[in-house]
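For reference, the structure is listed below as structure tokens.
Nothing in this text is a laboratory measurement; each read-out follows from the coordinates by a stated rule. What you see is a predicted model, and the numbers here were worked out from it, not measured in a lab. As a convention, Cβ positions derive from the backbone with ideal geometry for all residues, glycine included, and neighbour counts pool all protein chains shown.
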Amino acid sequence: MTATIYKPDTKGYLDFVLSNSTPGDAESVLAAMDRYAETNALMHIGDKKGEYMDDLIRKHNTNVMMNPEFASVAQKVIDHAGLSSKVTIIVGEFKVSSNEFLSTYGVKKVDLVFIDHWMEVYVQDLKIIEEAQWLRPGSIVVADNVLFPGAPEYQAYIEKNSAKFSSRLIKIQTPHPMKPKETILDGLLVAELKV
Ligand SMILES: C[S@@+](CC[C@H](N)C(=O)[O-])C[C@H]1O[C@@H](n2cnc3c(N)ncnc32)[C@H](O)[C@@H]1O
């Protein structure tokens, strides 16, 4: 999956989700997103990985998103679902926009980081998080797409740092994001900062 070949129909997606869900009912919005993804290419977590993430996510979610068009669509869906007080989207490349994240939002530490952007920068961005000391013992970093398309450098980095992180790979059979009729075996790599 690369930035150049993925050209989603953002208008079609937004129209479908807004007209097939109830304003303020986040469950119905999620169901509409999953229904859309059953027949259309869509970069999304999918219901199987989503179930796993549900168990991990806490009260508030902050999302850094580089593509302003995707960020705008996501913001409209979040508003429609009635979740704007729980989700903040920061638009910009992570290595830039993460710089003043803690001070801007008055956050001391972060409990959960979900890494799901371009695999080539997973290691670079985790190093930024480590250097900026976002994590406390028990904080977890979950990386998506570790088996498909694959993030071998990131896996190797976590293994090399096993004194610092305990980790487990959750293997999940999930719909192919670009070919909804096919499934693929993917993995979420969960790394927890040790005490
Ligand atoms: C796989 S999608 C994320 C999908 C989202 N997590 C979801 O499940 O709906 C990857 C997104 O990461 C964004 N992205 C890529 N590199 C980035 C970076 N360095 N900083 C922030 N966002 C980035 C891309 O614009 C793309 O929209």
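Charges were assigned to the Cβ only: +1 to each Lys and Arg, -1 to each Asp and Glu. The resulting dipole of the chain about its Cα centre is roughly 400 debye. Membrane-span-like helices of the chain, defined as complete DSSP H segments with a Cα extent of 15 Å or more along the helix axis and a mean Kyte hydropathy of at least -1.0, are identified as 26-39, 68-80.
Mind checking which of Thr183, Thr104, Thr62 has the largest fluctuation in a GNM of the chain, springs on alpha carbons under 10 Å? Comparing Thr183, Thr104, Thr62 in a Gaussian network model of the chain, the most mobile one is Thr104. Summing Cβ point charges (Lys, Arg +1; Asp, Glu -1) relative to the Cα centre of the stretch 1-95 gives a dipole of roughly 300 debye.
Toward the positive end of the charge dipole of the chain, with +1 on the Cβ of Lys and Arg and -1 on the Cβ of Asp and Glu, the farthest Cα among Ser167, Gln124, Ile184 is that of Ser167. Considering only Gly82, Gly12, Gly106, the Gaussian network model of the chain with Cα springs below 10 Å gives its largest mean-square fluctuation to Gly106.
Of the residues Ser28, Ser19, Ser162, the one that moves most in a GNM of the chain with alpha-carbon contacts below 10 Å is Ser19. Only beta bridges with both residues in the chain are counted; by DSSP, about 60 percent of them are antiparallel. Taking trypsin sites (Lys or Arg not before Pro) across the stretch 100-149, the ones in a DSSP loop with at most 16 further Cβ atoms lying within 10 angstrom of their Cβ are Lys108, Lys109.
Taking R0 as 45 Å, what FRET efficiency do you get between Glu100 and Lys181 from their Cβ-Cβ distance, rounded to the nearest 0.05? It comes to 0.55.
Can you put Met119, Met43 in order of Cβ neighbours within 10 angstrom, beginning with the fewest? Please report the intermediate quantities before stating the final value.
Values: Met119 19, Met43 12.
The most exposed by this proxy come first: Met43, Met119.
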